[in-house]
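To keep things clear, I will list the structure first and then write my remarks on it.
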Amino acid sequence: MADKIATREAYGNALAEFGAVYKDIVVLDADLAEATKTCIFKKKFPERFFDCGIAENNMFCVAAGLSTVGKIPFASTFAMFAAGRSFEQIRNSIGYPHLNVKICATHAGISVGEDGATHQCNEDIGLMRTIPGMVVINPSDAVEAKAAVEAVIKYQGPAYLRFGRLPISIINDSPEYKFEIGKAIKLADGVDATIVANGMMVEEALIAREMLMAEGISVAVVNMHTVKPLDTEMLLAEAQQTGAIVTSEEHNIIGGLGSAVCEALCGVCPVPVVRHGIEDVFGKSGPAKELIEHYNLNARGIVEKVKVALSMKLK
Amino acid sequence: MANILELKKIATDVRIGILDAVYNAKSGHPGGALSSADLLTCLYFSELNVDPAHPEDENRDRFVLSKGHSCPGYYAVLAEKGYFNKSELTSFRHTGGLLQGHPDMKTIKGVDMSAGSLGQGFSVACGMALGAKLDGKIYRTYCILGDGESQEGQVWEAITFAAHYKLDNLCLIIDNNGLQIDGKVKDVMNIMPYSTKLKSFGWHVINIDGHNYDEILKAFEEAKTVKGKPTAIVAKTVKGKGVSFMENQAGWHGKAPNKEQYDCAIAELEEYKKSLGGK
């Protein structure tokens, strides 16, 4: 495996790369360009970069205005201040008029680390996916982050992209890798259960699969990078095939991928669904790696949930 | 410059349209619509470079009604201008009707931005003005903001932003009618002195009587000559203007007239129109 790269880093690089091709791209930030990595674009295209200062609500509405006159605005800040603070601006001034604004939020989840609970947004996916027409993507590595940026440039409409601060492994380096909004990627086959994960939990899901295999349990792994629109076709096929689903995400188990999967399956194929994620608590300060262990956001945690799902399946 | 008498006649029709819309909807916001009716009429019939035949022209001037609840007046002006049929006004707020309770750019021809949640439209207008600067386009962006609306913190973010990016192609018009739902703006949460604050934020400020056509049109002209900073026209207005029993009454912010009140208001407006002469 290649060196670890944070998806925020891949985002900044992708903006700078695609900015050269797509001249309508403009980038806005709220005094966090160094952290969100929009600074990479800023350095290359200063005339198309606008710092809005620490005023996120204005920033997202300015982005809306720019989109109405033909620009493709990428507006960035931390997930907490995008989906959290500016929820209503995004809902009313971007979502309702279905404007072509790309909300690119970094520092999502507890892997933010030392900054602690005020900066660790575990609710963003839940908030964003309740907005009609909003595309919501949580990429699993740097390759996917770049592919998602390119996909939303080509997509006409509002999109929320979630990036992390923590460097993570590259897992999508196969030559066959192809990203399509709303099309989940099956990473591994299995018969006993299916792990549906996104973001940094996809790699952990693959590790969990190996651990389970050593115990004679065979699980499939699906990378559900797009939470909205959800790939219900793939989900239904998995539910029918393995009969048990475990969702895994760096997000509250309320509102995010786990909830989306439950909603999708309960009416059509109600197999056991066990949700792995942040168990409806706030985060705390600490090095990211220690917090990941503390909240069990690792392969071990997924393995435990798979066993719960299997026990329910046997009943 | 347009014929002021003609503008006054159009504005009176606009006021009648406001009453028609709100009366038939049995809800809506007549007070602020009436206070901004003269400003909107002057914008659409004298100032804005827009053409209802080409509502998507990329070089058109842009307008955002940040105080979106005043849309009965906006709709009436757009109908007068020919963006859609005047008969639509009576479908305002009706299920299946064209005219939503707050402006919807996706369905209503001529509406450049959906608005309604206070404080947001002004920021959107800043984005439109910034876009023009970026592309070297000469279109201008206008925005009507409420005085009560200015209590939103986001408004001051936008005021700072527009000055920082020297948006001299942006003209903000503040409908300073002095009233909001809970009473007088100065009692609810005083935002005065408006002009001093705007000037200290780096804006060019023009104070006018928002019902004096000469002053309105001259202010628009002056705004276009200002370079390097955005312009705010602080228009002193009367909430409910043109319907005597609604004037300066906070209670008419968001209430529809009953049949008797409606008839009375229409009669007053028709009489005024007759006094202007012509047909």
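The values are calculated or read from the model by the stated rules, or taken from the named source; none is laboratory data. As the structure is a computational prediction, the values presented were derived from the model and not from experiment. Methodologically, a virtual Cβ is constructed for each residue, glycine included, from the backbone with ideal geometry; neighbour enumeration extends over all protein chains shown.
Annotations
- The residue pairs whose first member lies in the range B:218-234 and is more than 15 Å from B:Leu198 (Cβ to Cβ), whose second member is in a helix (DSSP H, G or I) and at pLDDT 95 or above, and whose beta carbons are closer than 6 Å, counting only pairs six or more residues apart or on different chains, are B:Phe220/B:Glu47.
- From A:Asp173, A:Asp192, A:Asp124, residue being among the acidic types (Asp, Glu) and closer than 29 Å to A:Phe81 by Cα: A:Asp124
- Criterion applied to A:Gly190, A:Gly258, A:Gly216 was being assigned to a helix (DSSP H, G or I) and small (Gly, Ala, Ser), and the one residue passing it is A:Gly258.
- If you go through the range A:256-276 and keep only what is surrounded by 22 or more Cβ atoms within 10 Å (Cβ to Cβ) and touching a residue at least 40 places away in the same chain (Cβ under 8 Å), you end up with A:Gly256, A:Leu257, A:Ser259, A:Ala260, A:Val261, A:His276.
- Leading residue by the ranking (surrounded by the most Cβ atoms within 10 Å (Cβ to Cβ)) among those in the range B:257-279 that are aliphatic (A, V, I, L, M) and outside any loop (DSSP other than H, G, I, E, B): B:Ala265
- Scanning the range A:29-68 for residues that are of a type in the set (Val, Ile, Thr), within 7 Å of another protein chain (Cβ to nearest Cβ) and touching a Ser or Thr at 6+ places or on another chain (Cβ under 9 Å) yields a single hit, A:Val62.
- Unique residue being part of a helix (DSSP H, G or I), in contact with a Pro (Cβ under 8 Å, 6 or more places away or on another chain) and either within 14 Å of chain A (Cβ to nearest Cβ) or surrounded by fewer than 18 Cβ atoms within 10 Å (Cβ to Cβ) (or both) when the list is B:Ala163, B:Ala125: B:Ala163
- Condition check for A:Val273: touching a Cys at 6+ places or on another chain (Cβ under 7 Å) and either at positive phi or not assigned by TED's automatic domain parsing to the domain that holds A:Asn122 (or both): yes
- Only listed residue being crowded, with 23+ Cβ neighbours inside 10 Å, out of contact with any Leu (no Cβ under 9 Å at 6 or more places or on another chain) and not in a strand (DSSP E or B), chosen from A:Glu210, A:Glu204, A:Glu238, A:Glu233: A:Glu238
- Unique match (being at negative phi, among the basic types (Lys, Arg), surrounded by 13 or more Cβ atoms within 10 Å (Cβ to Cβ) and modelled with pLDDT of 95 or more) among A:Lys154, A:Lys186: A:Lys186
- Each residue in the range A:69-80 was checked for being touching a Lys or Arg at 6+ places or on another chain (Cβ under 8 Å) and either more than 7 Å from every other protein chain (Cβ to nearest Cβ) or within 19 Å of A:Tyr160 (Cα to Cα) (or both), and 5 pass.
- Subset of the range B:92-114 [buried (at least 23 other Cβ atoms within 10 Å of the Cβ), within 21 Å of A:Arg91 (Cβ to Cβ) and more than 8 Å from chain A (Cβ to nearest Cβ)]: B:Pro103, B:Val111
- Enumeration of residues in the range B:128-149 that are facing chain A (nearest Cβ under 8 Å) and of a type in the set (A, V, I, L, M, F, W, C): B:Met128, B:Ala129, B:Leu130, B:Ala132, B:Leu134
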